[in-house]
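The structure under discussion appears below in the form of structure tokens.
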Amino acid sequence: MNTIPPQGQQPPYRHLVRLPAGDLSVYAGQELFAALDYKVFEMANNNLQIPGIRYMSYTPDVHVGVGTCIGTTAVWDEADGYVSPSIVGSDIGCGMRVHLTPLHKDDIRDVKLRRKLVKTIEKYLPMEANQRGHYGDIRLEHIVRKGLHGLPKKYIPDSYTPKKSTSLSHVERSKFTYDEEVLNLVEEAAWHRAHRQLGTLGGGNHFAEIQTLEIAESSREIAEAWGMFDGQVAVMIHSGSRAWGGYVSRMSSAAIAKAMHRLGLGTSDPNLKFAPLEHPEGLHYVNMMYSALNYAVVNRHLIAYSIREAFRDVFGPACEFRTLYDLMHNYAWSEQHEQHGNVFVHRKGATRALPAGHPDNPKPYQETGHPALIPGSMGTSSYIMVGQSGGYDNFYSICHGAGRARSRTATKRLVSLSDFEQALGVGTAEEVVVNQRSLESIIDESPQAYKNVDEIIDSVTGAGLAAVVAKCKPLAAVKGAK
DNA sequence: ATGTAC
């Protein structure tokens, strides 16, 4: 294994790993790189055997997943390219959303007020497993076909909307267009389930957090242009496409497995599924995946709408709730790159962070670059970043979070309830208020389950991929039940 | 991740 410092970069942050099947770029500081599980390299070697792969890299938060690591960027030429449901992952369209309020952290310094806020959020946002969403009046068909543009107008309120633009322009993409014929094959039960679940958070690492911003001095100008200020209360949401994405992933993976058998394709890992983009099974997956991306962006929009209702209850109806941004970290789509032309880019647990002036920035962020939203673990900070030109070589991919350090079962063995309470500051004035009555039920989400997000962020900034605009400190967290 | 599961 060679560690070659690319030209013009600090040696420790990018490692070129020459594997038997091809080259892998790993963006990670020296210590994180040295600590990587050898299994992530085995996995890379399998992924690199998919025909025609042009580029593959890992982010510093990389860890083992099913078929492909979480933290992967993998690129094909669009012509004769391949698509892989394993390099998208099963929570298709999973991603982050941030809203800005006019409140200052001093406005919710009182622990009791934070409790009240969390309780009120629970009134509007269902979080029990199997609990149905509050959006039965919305036609699921419109959502999966048209994304945010399929929403009834009343769900796109003015105060959700920064002046002189619409909240629909403050998202990575508001609508995915595809061959809607594929929807005819979806089973009735899947429609039904997904309709019931619309606007719900889900379990596992999904969350909604009330946070307060600390602006990075070196990015103050950008922060102000984005409407952010020191001490501002913001809401960060992490969720995906719920059972709809799971259904798409399961059905397509089964169909693609059959196609692979027919075509004589495969690697030593039976969980790594892929098909040529132009074959019926590949095309079908891409179409269905886009329906799930539409579902996911609407789901986060509606979760935010529910939380906005709670803020209006507690702080009055004048409390603004502006959309800062919404973006994904599990998806594949076409992009144009200066040097590479039309490419098909997969990101699994990787966030796109475009720099200032890049033409793919949505209009409101054309001049600054768009916000890249990076969650930490519960009780630790999250980050709002912006891409730098140094991201060019990596197709502008950066990390997607802290990255799991140990499995859920290992975490439950290792972490005691009092460890977890201490991490959340339970009993102190700074307590991160959590909605779950029993912390024990979410102990596998304790900070000890994750890597230190600050080190991950250091790797990203050190490599010149992105810069920190604001650090987001948690004040309260809302987690779904298993 | 998921109304899991060859």
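The values are calculated or read from the model by the stated rules, or taken from the named source; none is laboratory data. All values reported here derive from a predicted model rather than from experimental measurement. Neighbour counts are summed over all protein chains in view; Cβ atoms, including those assigned to glycine, are modelled from backbone coordinates with ideal geometry. SASA here: full protein model, heavy atoms, side chains in, ligands and nucleic acids out. Shrake-Rupley method; radii C 1.70, N 1.55, O 1.52, S 1.80 Å.
Summary table below
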{"quantity": "Residues (more than 11 Å from DNA strand B (Cβ to nearest atom), of a type outside the set (Val, Ile, Thr) and buried (at least 22 other Cβ atoms within 10 Å of the Cβ)) located in the range A:230-271", "calculated": "A:234, A:236, A:252"}
{"quantity": "Some residue of the range A:118-125 being assigned to a loop (DSSP other than H, G, I, E, B), within 16 Å of DNA strand B (Cβ to nearest atom) and under 25 Å from the mean Cα position of the chain (by Cα)", "calculated": "yes"}
{"quantity": "Residue A:460 vs. criteria crowded, with 23+ Cβ neighbours inside 10 Å and either over 18 Å from the mean Cα position of the chain (by Cα) or in a helix (DSSP H, G or I) (or both)", "calculated": "yes"}
{"quantity": "Helices (runs of 4 or more DSSP H) contained in the range A:188-271 and holding at least 1 residues in contact with a strand residue (DSSP E or B) (Cβ under 9 Å, 6 or more places away or on another chain) and at pLDDT 95 or above", "calculated": "A:220-225, A:242-263"}
{"quantity": "Qualifying positions in the range A:434-443 - within 13 Å of residue A:207 (Cβ to Cβ) and modelled with pLDDT of 90 or more", "calculated": "A:434, A:435, A:442"}
{"quantity": "Residues that are aromatic (Phe, Trp, Tyr) and farther than 19 Å from residue A:456 by Cβ, drawn from the range A:8-40", "calculated": "A:38"}
{"quantity": "Meets criteria (under 19 Å from residue A:313 (Cβ atoms), open to solvent by 20 Å² or more (accessible area, probe 1.4 Å), in contact with a helix residue (DSSP H, G or I) (Cβ under 9 Å, 6 or more places away or on another chain) and within 16 Å of DNA strand B (Cβ to nearest atom)) for residue A:134", "calculated": "yes"}
{"quantity": "Given (1) open to solvent by less than 20 Å² (accessible area, probe 1.4 Å); (2) out of contact with any strand residue (DSSP E or B) (no Cβ under 6 Å at 6 or more places or on another chain); (3) away from DNA strand B (no atom under 16 Å from the Cβ), index of the condition residue A:288 fails", "calculated": "(3)"}
{"quantity": "Residues being in a loop (DSSP other than H, G, I, E, B) and either open to solvent by 10 Å² or more (accessible area, probe 1.4 Å) or of a type in the set (D, E, K, R) (or both) - total across the range A:388-414", "calculated": "6"}
{"quantity": "Residue match in the range A:102-114 (condition: within 13 Å of DNA strand B (Cβ to nearest atom), in contact with a helix residue (DSSP H, G or I) (Cβ under 8 Å, 6 or more places away or on another chain), outside any loop (DSSP other than H, G, I, E, B) and not aromatic (Phe, Trp, Tyr))", "calculated": "no"}
{"quantity": "Flag for residue A:481 being under 20 Å from the mean Cα position of the chain (by Cα) and within 24 Å of residue A:123 (Cα to Cα)", "calculated": "yes"}
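Matching residues to (1) within 21 Å of residue A:220 (Cα to Cα); (2) among the acidic types (Asp, Glu); (3) open to solvent by 30 Å² or more (accessible area, probe 1.4 Å); (4) within 16 Å of DNA strand B (Cβ to nearest atom):
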position	(1), (2), (3), (4)
A:421	no, yes, yes, no
A:425	no, no, no, no
A:429	no, no, yes, no
A:435	no, no, no, yes
A:464	yes, no, no, no
A:467	yes, no, no, no
A:471	yes, no, yes, no
A:479	no, no, no, yes
